[in-house]
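Just so you know, all these numbers are worked out from the coordinates, no wet-lab data involved. All values reported here derive from a predicted model rather than from experimental measurement. Counting neighbours? That spans all protein chains shown, and the Cβs are built from the backbone with ideal geometry, glycine included.
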């Protein structure tokens, strides 16, 4: 069964510092990969997605992620953190045939002034 | 931008009571989902719905749960006899294709007392 592992339930960075949120997946077939962001008391908003085109994917709010098949990873990065980036971030994996997306446990990002 | 609408935003119910959570998916989407998130925990898949029938369900989705699309626009989740452990945030989502990702609603916070 597919699974997603997000390393670090909580990541804290200083404002202006690099953001790196890690995601690894287990799969024997090519996956679709997604990052979602959840602000407090809100729903899940799609940040970016990988669907077998370019391995470096750019999303909203300056975030990007790189698909590395050899490492089965899809880490999320942002060069310079803003206070408004503080939220919960979820990595998710899906496959063709519309099997449901499987989510990681989430990583809470805190940004310190 | 099209969005998924969920009502109510918050529901408090007594243990043993029936609740119906409502969702209006994006109109041209074909696939519909319910997920739940217990406070501070991961986003868990409940059920997927396509072509007016359940296409997949998780172990959580037992006989106490049901879904239907009564009028071609609304998509409802019913819990027949709520338990304390049903307290969670319930998210509805819809999609056209899995590679596009899901669009989530803002959620219904269900509190069972």
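Structure notes:
- Stokes-Einstein D for chain B, Kirkwood Rh over Cα pairs, 25 °C, 0.890 mPa s (µm²/s): 175
- With the simple model of a label 7 Å out from the Cα in the direction of the Cβ, residue A:54 to residue B:62 spans 4.8 nm.
- Once C-alpha pairs closer than 8 Å and six or more residues apart are averaged by separation and normalised to the residue number of the range B:41-113, the relative contact order reads 20 percent.
- In a fully extended conformation the segment linking residue B:22 and residue B:53 would gain 9.5 nm over its present Cα-Cα distance, using 0.36 nm per residue.
- q = 0.11, 0.16, 0.20, 0.22 Å⁻¹, chain A: log10 I(q)/I(0) [Debye, one scatterer per Cα]: -0.32, -0.67, -1.03, -1.24
- Peptide ranges A:88-96, B:58-66 listed from the most packed, as the mean C-beta count within 10 angstrom indicates: A:88-96, B:58-66
- Estimated from the Cβ-Cβ distance and a Förster radius of 41 angstrom, the FRET efficiency linking residue B:69 and residue A:14 is about 0.30.
- For the protein assembly as shown, the alpha-carbon radius of gyration amounts to 1.02 times the rule-of-thumb value 2.2 N^0.38 Å expected for a compact globular protein.
- Alpha carbon centroid spacing (whole Å) that separates the range A:28-49 from the range B:39-113: 17
- The range A:1-41: equivalent-ellipsoid semi-axes (sqrt of 5 x gyration tensor eigenvalues, Cα, Å): 25, 12, 10
- The peptide list A:13-26, A:33-46, A:51-64, put in order of mean Cβ contacts within 10 Å with the highest first, becomes A:33-46, A:13-26, A:51-64.
- Placing dummy labels 7 Å off each Cα toward the beta-carbon, the span from residue B:11 to residue B:85 is 2.0 nm.
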